[in-house]
Each structure stands twice: as C-alpha cells, then as structure tokens.
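Report on the structure given below.
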Amino acid sequence: MKSLVNILLAGIMGISSDLAFENTNICAYREEYHVTDLNRLRADLILEHKQLTNLFARLIIDNKSIAAEKPTTLQNTTKIYRSYLQYRGEKHFWSLGKQRIPLGVGRIWNPIDLFNPVNIQQIESDEREGSNSIRYEYALNDLTNFDATVAKDKGAVRLKGYLDYVDIALVGEWDNDKALDIVGWELEGELFNSGIELRSEGGLFHNRTDNRRYARYIIGAEYGFTNSLTLRAEYSRVGDRHRDYLGSQASYQPGMLWRLSLLTVYGFDDRSGFIAPGVEYCVGDEVTLSGGAFLYYGGDNSEFGPMSNRYYLRWFIHF
C-alpha cells in the first residue's frame, strides 16, 4: 500500500510520501472502573515535494476504541491527532494546523505551557493533543531566534538565545478563555562541564478576573551515567494554590531489550503523592511490551490520597 501511494503521488504531482501505521493497546485496572481497554490504530502520513523542498506536510489520524467493564461501555472514535503544513526556510519557519507547540523545558511539569502541557499521571505522558494554531519562527542570527504562536483565544511570543553554557528565553503569553497573562522564562544548560543539566521554567501569572498575581515555576536537574542510568528531579512551586511538589525520575537499561523506570511525586503541603514503577521489553523490531502502576498514598483529604491505584499493560507495534 505504501508503494502504491508513493507511485501515485510522485507520478501525478511530484510528491513523495511516507505512510506508516502503529497500533497501541493498553489494558488498565482501577478500582472504581475495574478493567478498561484502549486500542489505538494510528496512521501517519508525511508528504514532501521533490522541487519545493522547503515544504513539509504531515497528517496523523487516530482510531480509538475504549471498552470499560463497570459501567459496561464501548466507544469508538476517529479523529485527527496531528495535521499541519510547514515551510522550513533558512531564516523563516511557518507551521499551520493542529500541532504540538514546543514551549517550556520541564520534563515532569510544564507551568508555562498553555497549549499542550505534560500530564505526568497519564500512562502515555508523551501523548499530547496539540492545538490548532499558526506558528512562526525567525532566526535573528545563528544563536538567537524569535517565535510567535496564535491559537483560538490564546497565544505566545518568545525570544530565545543560545549561549555557551545556558539557553535562555523570555516568554509572553495570554489566554483569553482563562483570563490569564503570563510573563515567563526558560533556562537550560550544563553545570560547569559536569554533565549535570540544569533547567528551569516558570512565570508571573496575572488573573484578569480577580486581579490576582502569583508565580508558578520549576527547578530541575538531570544526569546520565555511562551505564545507561539516568536520574532526574524537579521541584515545582504552584503559587496560586500555595503548594510545593518534588518529582523524581530514574530510568535504567539493564540489557539491550529491557528498560526499567521509576517516577515519584511528593506534595510537601499535605504529604501525599504517588509512585509509578514501569518496565518495558522489546519483543522484536518495532514491537514493545510494557507494564507498570500508579500507587497513591496520603490522607483522605489530601490531593493524592483518595485516588485509586492503577495498573496497566501496554502493547505497541509499528509497521
């Protein structure tokens, strides 16, 4: 089928294509929902033109089926996950469509990301819906660029510079739907050639509705050892809720086919949190099997304490 699509497009319009499919199945157990099963079939189409090499188009379509034991339900939906057209010039970059906006440097939390923030409690935390938006980047010089993004009721502008030891950005954002204005920053760099990567992102928030002003930010560090062990930690301050959190992640590859991971999140204010161990095994080329859990603790009136533990198995194949 891939070769047929390539032949038709190349012959008619001089367009080359790359069509790929992947299937993900996640079987999860949670006390109040019992067993749920999600099956996602994803088609990923990339189009490029032989003469217009600066143009790039991508379309990703998902078909999802979700079945739940209690209450017994079955849902099936088909929708666009990504759909965008890009122009990639030497100094100018344009992107139009449903896309993920690369904003922020946090790995566990994204306090300034109004478009597609990370949700670390998702089984697939890297699955981020994206926004229907127009994005523009301009390279001021080899080390500095300016970008602007406009979506429905929200937008962002950013000036980013790449220095010897740190990348720094100043960010301005607005969200008319939530009546928020943000002046923020991104910082990311290596600590004195030690191999330790430091990062921070955050902002000063202004709520136009009640005129409140507060700060949200994260400070994090990451280090990778030669034996494939990677350690990461992030401290998060949520000023409007007067809450502080500490998150940590560890990943280790004991063999070519295995990968172990551990995520912990702790809330200092109510002493609640969760632990999320995981293991992944490469069954074959482009086929993986993984499993894990989200184990919550804390008091009945705490943030995480009342939440039910979750367990899951995930099967992924790319073809």
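What follows draws every value from the coordinates through simple rules; no lab data is involved. Predicted, not measured: the structure shown is a model, and the values here were computed from it. Don't worry about glycine lacking a Cβ; one is built from the backbone with ideal geometry, like all the others, and counts go over all protein chains shown.
Tabulated values for the structure
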quantity	calculated
Rg in Å to one decimal, and Dmax rounded to a whole Å, for region 88-221 via C-alpha atoms	15.4, 46
Translational diffusion of the chain, µm² s⁻¹ [Kirkwood Rh, Cα pairs; Stokes-Einstein; 37 °C; 0.692 mPa s]	147 µm²/s
Size of charge dipole - the chain - debye, nearest 20, with Cβ of Lys, Arg +1 and Asp, Glu -1, no other charges	640 debye
Shape call, region 152-306: gyration tensor on alpha carbons, a/c limit 1.5	oblate
In region 90-213, lysine pairs with alpha-carbon atoms under 24 angstrom apart (chain gap of 8 or more, or interchain)	8
Diffusion constant of region 48-166 at 37 °C, which comes from Stokes-Einstein with the Kirkwood Cα-pair radius and 0.692 mPa s, µm²/s	196 µm²/s
Proximal charge balance of LEU204 [Cβ under 15 Å; K/R count +1, D/E count -1]	-1
Given charges at beta-carbon only (K, R positive; D, E negative), |dipole| of region 90-213 in Debye	460 debye
Ranked HIS206, HIS242, criterion: other C-beta atoms within 10 Å, fewest first	HIS242, HIS206
